[in-house]
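Colleague: The following block contains the structure, expressed as structure tokens.
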Amino acid sequence: MNHSPEDRILEETLSKQKELIEFYKKAIKQSADQECKDLFKSLAKSLDSDMTSVAEEIAKHRMERKLREQ
């Protein structure tokens with residue numbers, strides 16, 4: 001399937017967000033301070049919501065393109 005530039009950007013964004021969540025998970029494990037752990041957990045939760053939005057946007061763009069191609 002031919003991906004549009006927008007799809008590639010969205011997919012790259014999703015990939016970077018996944019990397020950042022992994023970083024947050026490591027930071028949570030390595031942090032001795034509960035306040036820092038809570039901050040990283042909050043950031044990871046917020047980013048996870050953003051990732052869902054990005055994934056939905058990718059699906060929407062692909063569906064719109066399929067409909068135009070028919």
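None of the figures in this text is laboratory data; all of them are computed from the coordinates on show. Remember, predicted model here, so these are calculated numbers, not experimental data. Cβ sites come from the backbone with ideal geometry, for glycine too, and all protein chains shown count toward neighbours.
Residue-by-condition table, conditions (1) over 18 Å from the mean Cα position of the chain (by Cα); (2) charged (D, E, K, R):
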residue: Glu12; (1), (2): no, yes
residue: Phe40; (1), (2): no, no
residue: Ala44; (1), (2): no, no
residue: Arg65; (1), (2): yes, yes
residue: Gln70; (1), (2): yes, no
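Colleague: Which pairs turn up if I take residues in segment 38-50 that are closer than 20 Å to Glu11 by Cβ and look for partners that are assigned to a helix (DSSP H, G or I) with beta carbon separation below 7 Å, at least 6 apart in sequence or on another chain?
Modeller: Leu47/Gln17; Leu47/Leu20; Leu47/Ile21; Asp48/Ile21; Asp50/Gln17
Colleague: With respect to Asp7, determine if the residue is surrounded by 15 or more Cβ atoms within 10 Å (Cβ to Cβ), charged (D, E, K, R) and touching a residue at least 24 places away in the same chain (Cβ under 8 Å).
Modeller: yes
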